[in-house]
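Remarks on the structure that follows.
Every number here is computed from the coordinates shown, using simple stated rules; none is lab data. Note that the structure is predicted; figures quoted are calculated from it, not measured. Here the Cβ positions follow ideal geometry from the backbone for every residue, glycine too, while neighbour counts run over all protein chains shown.
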Amino acid sequence: MSYKIHDFFKKSSFVSGEEIAKKLQISRVAVHKQIQKLRSQGYIIEGIRGRGYRLIPRSDGLLPLELKARLETNILGREIITLETVDSTQNFIRELAEKGAPEGTLVIALEQEAGRGRMGRKWFSPEGGLWFSILLRPPFLPKEIYKLTLLFGVAIAISLKNYGLKPSLKWPNDVLINQKKVCGILLESSLEADRVDYVIVGIGLNANFPITSLPEEIRTNSTSLYEVLNRKIDRAELLCKILKNSEYLYLNAIKEGFLPIISIWKSLSSMLGKMVEVKLLKESIRGIAIDIDEDGSLVLNENGKLKKIYSGDIQLI
Ligand code: BTN
């Protein structure tokens, strides 16, 4: 059998550097270099003099090879990088995108030190969450990419239904459980006049941690899967489901447009037909959220006048 370095870290028992060197037919220095490379990919490998190396399975199945074995996609997750910590997966993947990384590249972090939310907000990303960014190079016009937020919201909500949950969607980018935010989506892009260079879809899902891991000021409006299910879930399994559902909807949107997605989105919405307040950059407006338009905007009835909203924060009143 011809061995690869990963073969020695499928279980978490110790393996000596000497044994690895012998089986791979390389020097001990080369073994050390390969271990360093694995560590840079997110593998947490302990090295103890006299005993050798062993994998610390803190990563919960989120390492590239483990995920690849379970993924049922062709595009999303084509390249996977798992990091133990990073400032933000958005920043990390942007650098890869600028260097020409392929569509479907996925960057996961076990923790983020400076996670970013919409409108310049901080996104708290403690250990146990599902924090990842996906690189897309979609064949859409720049004005259409906005609707990708709705697409990913639908894919996440459908994936969460498998856990017996009843998620709902809040325009434009929140997934809620029991009216509390469990997941946020951040879309960042590089656009040219009439074409899209790339889009980065950042997804932050509060998974396996209690709500007390988040700062007090955001606890009232947030929840986590751990909080609602009372148990930890297999994050890798959930991630694979999300990627599979997203890819299916994405390929469909390329073929047939976004209308079917918008219609599913509406059926999952928690706000349509209700009185809401929308915080825009400089003002707030109130009205009934009556529809999501074909272009993805929110249609508000403000005292009989219809207004289309393209970005903002909405709240039930
Ligand atoms: C929001 O609701 O404001 C969007 C939150 C998006 C958070 C995710 S976590 C993974 C990726 N990296 C980041 O820094 N942000 C996104």
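Normalised by the residues of the chain, what does the relative contact order come to in percent, with Cα pairs under 8 Å and at least six apart?
Working: 610 pairs, mean separation 40.9, N = 317.
Computed over the chain, the figure is 13 percent.
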With a Förster distance of 22 angstrom and the Cβ-Cβ distance between Ala193 and Ser311, calculated FRET efficiency to the nearest 0.05 equals 0.60
Starting from the amide H of Tyr198, placed 1.01 Å from N in the peptide plane, find each other amide H under 5 Å away whose residue is 5 or more places distant or on another chain.
Ser190
Tell me which aspartates and glutamates have Cα within less than 15 Å of Lys143's Cα, excluding those fewer than 8 residues away on the same chain?
Glu188, Glu192, Asp194, Asp197, Asp293, Glu294, Asp295
Tell me, how many Å apart are the Cα centres for region 249-296 and for region 112-186?
14
Spelling out what I want: for every residue of region 184-199, take phi, set θ = phi - 60°, compute 6.51 cos²θ - 1.76 cosθ + 1.60 (Karplus), and round to whole Hz; glycine and proline get x.
x, 10, 10, 9, 10, 8, 10, 10, 10, 3, 10, 9, 9, 7, 7, 10
Whole-number D in µm² s⁻¹ for region 104-239, Kirkwood Cα-pair radius fed into Stokes-Einstein, 37 °C, 0.692 mPa s
213
Could you give the Stokes-Einstein D for the chain in µm² per second, using the C-alpha Kirkwood radius, 20 °C, 1.002 mPa s?
102
Simple spin-label model, 7 Å along Cα-to-Cβ: Ile218 to Glu237 in nm?
2.7
Under the Karplus relation with 6.51, -1.76 and 1.60 and θ = phi - 60°, whole-Hz ³J(HN,Hα) for region 296-313, x at Gly and Pro, equal x, 6, 8, 9, 10, 9, 9, 6, x, 9, 8, 10, 9, 10, 9, 7, x, 10
Roughly how many debye, to the nearest 20, is the charge dipole of region 136-271 about its Cα centre, given +1 on each Lys and Arg Cβ, -1 on each Asp and Glu Cβ, and no other charges?
460
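Using only DSSP helix segments of four residues or longer, with each worth -39500 (n - 2.57), what per-residue ellipticity at 222 nm results for the chain after dividing by its residue count and rounding to 500? If you can, show how the numbers build up before the last one.
On the way: 9 runs with 92 residues, N = 317.
It comes out at -8500 deg cm²/dmol, rounded to the nearest 500.
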Between Glu79, Glu113, Glu302, which gets the highest mean-square fluctuation from a Gaussian network model of the chain, Cα cutoff 10 Å?
Glu302
Of Arg118, Arg39, Arg28, which is the most mobile in a GNM of the chain whose springs link Cα atoms less than 10 angstrom apart?
Arg28
Excluding Gly100 itself, calculate the net charge of residues whose Cβ lies under 14 Å from the Cβ of Gly100, where each Lys or Arg counts +1 and each Asp or Glu counts -1.
-1
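Given Lys10/Lys244; Lys282/Lys307; Lys68/Lys99, which pairs have Cα atoms separated by over 21 Å?
Details: Lys10/Lys244 24 Å; Lys282/Lys307 16 Å; Lys68/Lys99 23 Å.
In this structure, Lys10/Lys244; Lys68/Lys99 exceed 21 Å between Cα atoms.
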Pick from Val29, Val278, Val154 the residue whose mean-square fluctuation is largest in a GNM of the chain, springs joining Cα atoms under 10 Å.
Val29
Going through region 194-293, which GluC sites (Glu not before Pro) have at most 13 other Cβ atoms within 10 Å and a DSSP loop state?
Glu283
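FRET efficiency for Ile56 and Gln179, Cβ-Cβ distance as r, R0 = 35 Å, nearest 0.05? Don't jump to the answer; show the numbers that get you there.
On the way: r = 38 Å, r/R0 = 1.08.
Computed FRET efficiency for Ile56 and Gln179 comes out at 0.40.
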With bins of 10 Å, the percent of all Cα-Cα pairs of region 162-291 per bin from 0 is 10, 33, 37, 19, 2
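Suppose the chain between Glu294 and Lys166 were pulled fully straight at 0.36 nm per residue; how much longer would it get relative to their current alpha carbon spacing? The partial results should precede the final answer.
Numbers: separation 128, 0.36 × 128 = 46.08 nm, distance 2.52 nm.
Full extension from Glu294 to Lys166 adds 43.6 nm.
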From the phi angles alone, apply the Karplus equation (6.51, -1.76, 1.60; θ = phi - 60°) to region 224-240 and give each ³J(HN,Hα) in whole Hz, x where the residue is Gly or Pro.
9, 5, 4, 5, 8, 9, 6, 7, 8, 9, 7, 4, 5, 4, 5, 4, 4
Kirkwood-based Rg over Rh for region 1-146 (C-alpha set), two decimals?
1.04
Under-5 Å amide H pairs with Ser222, H placed in peptide plane, nonlocal only:
Lys181
Relative contact order (percent, whole number), region 10-101, Cα cutoff 8 Å, 6+ residue spacing
27
